[in-house]
Structures are given as structure tokens and as C-alpha cells.
Amino acid sequence: MKNSELNNIMLSNQILFDRNKKIMWHPFTQAQTNTDIIPIKKGIGSYVYDYNDKPYLDLISSWWVTLHGHGHPKIAEAIYQQAINLEHVIFAGFTHEPAIILCEELQKNLPKMLKRFFFSDNGSTAVEVAIKMAYQYWKNLGYKNKKHFISFSGGYHGDTLGCMSLGKESGFHNNFTELLFDVLFIPYPSTWNNDKNIEIKEQNSILVLKDYINNNTDSIAAIIIEPLVQGASGMKFSTTQFIKTIVNIARNNNILIIFDEIMTGFYRTGSYFALDAINIVPDILCLSKGITGGFLPLALTIATEEIYNAFLGEKFEKALAHGHSYTANPLACSAAIASLKLLASAECQKSIYNINLAHKNSIELLENVNFIEKIRILGTILAFDIKNNSKVCMLQYMTKLKKQFLLEGLLLRPLGNTIYILPPYSTSYDDLINSYEKIIKILNNNSL
Ligand SMILES: Cc1ncc(COP(=O)(O)O)c(C=O)c1O
């Protein structure tokens, strides 16, 4: 490459950075202190590239959406073919084949009881729809008192008002608590490898649930659960038996079960959905994030026929008054159909297996770093915590770590003191092992 070409590239990187700085307001970002915004030019497979052609290995699937890697040609082609045929049509009073095919294909991988598919645009709207469905279900059936929700402390369900209410104790929404409705919170019994106290923690949570039920007879509409893994609160795991017990108690007390599988769906936890491993069929299931392979925003709230039937009647008042302009966008549906096909391929299944293997084979390396604790692996997710050391300011240390990861070409975004890896399924075994070696080297760097 000629010097002049190189200069042009460096220049465009800087120019974009400056233009962005003047105009942009970034999500979940304190703009005054976080000035390290990186302009990205392209994405190929598990890597994204800046304007200097520096590669960053996307170890968090770009906020957990990129399932098959960036720019997968099969998904790109599906979107193109759909775009020249039908880009969009209003979904009230009209339908289209991509939406129908997508639901039919998903249904093949879901418990038979989950039969009715309601589209929206993102994880938050999927949960918002679930809240409205659960609330109105009881109302339509004549149970006027059933209007309270139970959630887990630390649970995160999105950033709209209903979602923030259910995720009030995640710590992300503290500025808005006055705007949120009351929710009953159960302590979350987070667990990890060799956790000795899990039974006591679980018993405590079960007691709290029973207590809520006894004190709020017939007024609880639903419980919402991120099955097996609480994502945003720091990749916190729970046991399958615990979720099963909670669901059984709730169900025996006429409480609807909402599973928020927005992060855990599509093999993130090892099985197609986390519900498969738990062997539980929720009344309502929320999906989004990986559904389109990370190409376009789309979400589904899927309900049983029993719930759907409660909304039927002569009057509109009984119907679900909810919809978005881009509901069931055909481009997003086509991307999702292509993504599901890729997911079923032998190549993708092998890759999911290899990611889990690389995680497992890195445990020993991680266990040798003495300020790491609570190592945990489930499916394609690996997480561990940095021990809280009173000598260092954790927030500052984690910020420095994140910067150093980026310098080394690793796209990681720690959650509090938790470092996690949740890579696209295009990521090779060797790339992951190399990343772990780099991560450990950075962690062992005493000068940070
Ligand atoms: C479990 C869960 N539910 C809901 C959401 C909200 O999704 P979105 O960011 O697409 O609104 C998230 C996002 O991280 C999530 O992890």
C-alpha cells in the first residue's frame, strides 16, 4: 500500500471520529468520560474492522445479536431477494409468506403448546407485549385483581417502562423508579462451578416466592424469568432444577409463566432454547436478538392457544391493542428464515460444539489466575468475575481492562466486574483459545 493511501485511511478514521463526536448520542454511554468510540468500516465472520483495517474479534456478538458472524452472504442474499419483491406491508389486515414461513419453521423447534406468534421489533417490545398479554388475559377472563408481576432481582428485560419495572432491581434503571409500576422481586440464586451454597440460596428464593403467593392470593398475573442465565446483570447462572421448582409453584397457584429468552435463545445455552434443557413450556415466550442472525431488528412474543383464545370476542376491546409500524417486516423475516437454516446446518452445530469445547478447555488456564472467581460455562457462554479487591477502584480497573482488550483487538464489554465471552458461531476453536491466552496476559499485567 502506498503511503498516500495509508494516510487517506488514517484520515478517514479520524474524520469519522470527529464527525461522530459532534453529532451522535450513543446508548448506555457517558459521553463525557467515554470518548473511545471506534468507527467500524466492515464486518466479516467473527471480526469487525476499523478504518485502519485493524481487526477486532467480536467476542460478544455485538450485544448478543450476531449469530453466524458478520456479513454472512446467505442472510445478505435472502434480504436482497426479499427487498426486490416486497420490502414491507402493513401487518394489520395483511400478511406475507416470509412471516408465515418463519413462524412455521420456529414452531418445529418449539414445544407444541406454543402456537401463536405476535411480532414486534426488539427485545424490549417483545417483553412489553408479554406484559400486556398476561395482564389482559386475566382481565378478559374476568379476573380483575390479577395484575401484579413477579420478577427476579438482577433481572433485565429492556428499557421501555414496563420492562424497566420488571427489571427495576437490575441497577440499570435507577433514574426512573418513580415512573415504574410495583413488582414483587425474588432474590436470584446465582451459581457457578463448585458453588457450595447453592441449595441454601435456592431455598431462600423459594421461601420468598411462597410468601408472596400467600400474601397476594389471586392477585399475581405472571412471573417473568430469564431461564438459566441472567444476561445483563452479569451472565449469572441458575440451576435447571431451581427454575423448574419456581415454575411448578407458580403454575400451581394460577400464575402465568413468561420466559424471556431474548438472550438465551438459539443455542446460546447449549440447547435450542433454554426451555428445552429445563423441560418446561412457558405460557409466553419472548425472542429477539439472534433471531435474524444480527442483521435486522425483529422480535416475537409467542403464546399458547389458551392465551390467544382469551382475546377472541365480538368487540375490539378484547383484542390486544398493540402494534408497531414495522411489525413483521418482510426483510427481517427473510433474514430470520435464512438464519434458522444456517443454525440447522451440520457446520453450525459443529461450531457450537467447538465453542463450548474451547470454553471448557480454557478453565484450567483461568483457574490459575488468582484474582478470578466464579468461573461458569453454559453452552456458548463463558463468564468469570474479577475478585473485588479493595485496593483498586473496580470501575476504573474494568474500564482500563476494556481499553486494553480493544488495543489487543478483542471486542469485549465487561458487565460490572464480570468478563464474559459469547461469540458468534463463526468463531473458530483456535481464535477462542488465542483470545483466552491474550485475556489472561492482560489480566496478569500488574501495571493496569
Ligand atoms: C433478557 C433480555 N431481555 C430483553 C432485552 C432487551 O432487548 P433490546 O435491547 O433488543 O430491547 C435484553 C437486552 O439485552 C435482554 O438481555
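Odds and ends about this structure:
- For the chain, the normalised intensity computed at q = 0.06, 0.10, 0.13 Å⁻¹ comes to -0.27, -0.76, -1.29 (log10 of I(q)/I(0), Debye sum over alpha carbons, equal scatterers, no solvent).
- Axis of helix 346-367 versus longest Cα principal axis of the chain: the two differ by about 70°, to the nearest ten degrees.
- Rounded to 5, percent antiparallel among DSSP beta bridges of the stretch 75-343: 50
- Sequence-distant residues sharing a close amide H with LEU256 (under 5 Å, placed H): ALA222, ILE223
- With every protein chain in place, the chain: carbon and sulfur % of accessible area (1.4 Å): 53
- Note on LYS74 and ASN279: with the Förster distance fixed at 30 Å, the Cβ-Cβ geometry gives a FRET efficiency of about 0.40.
- Our estimate of slack between LEU141 and GLU87, defined as 0.36 nm per intervening residue step minus the Cα-Cα distance, is 15.6 nm.
- Gap separating the Cα centres of the stretch 167-204 and the stretch 302-334, nearest whole Å: 31
- Integer Hz, Karplus 6.51/-1.76/1.60 couplings in order for the stretch 295-312, x for Gly and Pro: 8, 9, x, 6, 8, 9, 10, 10, 10, 6, 5, 4, 5, 4, 4, 5, 9, 8
- LEU166, LEU320, ranked by accessible area, largest first (probe 1.4 Å): LEU320, LEU166
- Difference of contour (0.36 nm per residue) and Cα-Cα distance, ASN34 to HIS322: 100.0 nm
- Cα-based helix-to-principal-axis angle, 123-140 vs the chain, degrees rounded to 10: 10
- What the pair-distance distribution of the stretch 193-270 shows, using all Cα-Cα distances binned every 10 Å from zero, is 16, 47, 31, 6 percent.
- Chymotrypsin sites (Phe, Trp or Tyr not before Pro) restricted to the stretch 183-273 and DSSP loop, no more than 12 other C-beta within 10 Å: none
- Applying a threshold of 22 Å to the alpha-carbon distances of LYS196/LYS374; LYS341/LYS438; LYS201/LYS236 flags LYS341/LYS438 as lying beyond it.
- Per-residue ellipticity at 222 nm from helix content only, as computed over the chain with -39500 (n - 2.57) for each DSSP H run of at least four residues, stands at -12500 deg cm²/dmol.
- Under DSSP loop assignment and at most 13 Cβ neighbours within 10 Å, longest trypsin sites (Lys or Arg not before Pro)-free interval of the chain: 197-314
The values are calculated or read from the model by the stated rules, or taken from the named source; none is laboratory data. Small disclaimer: the values here were computed from a predicted structure and weren't measured. Note that each Cβ is placed from the backbone with ideal geometry, even for glycine, and that neighbours are counted across all protein chains shown. Note: areas computed on protein heavy atoms with side chains; ligands, DNA, RNA excluded. Shrake-Rupley method; radii C 1.70, N 1.55, O 1.52, S 1.80 Å.
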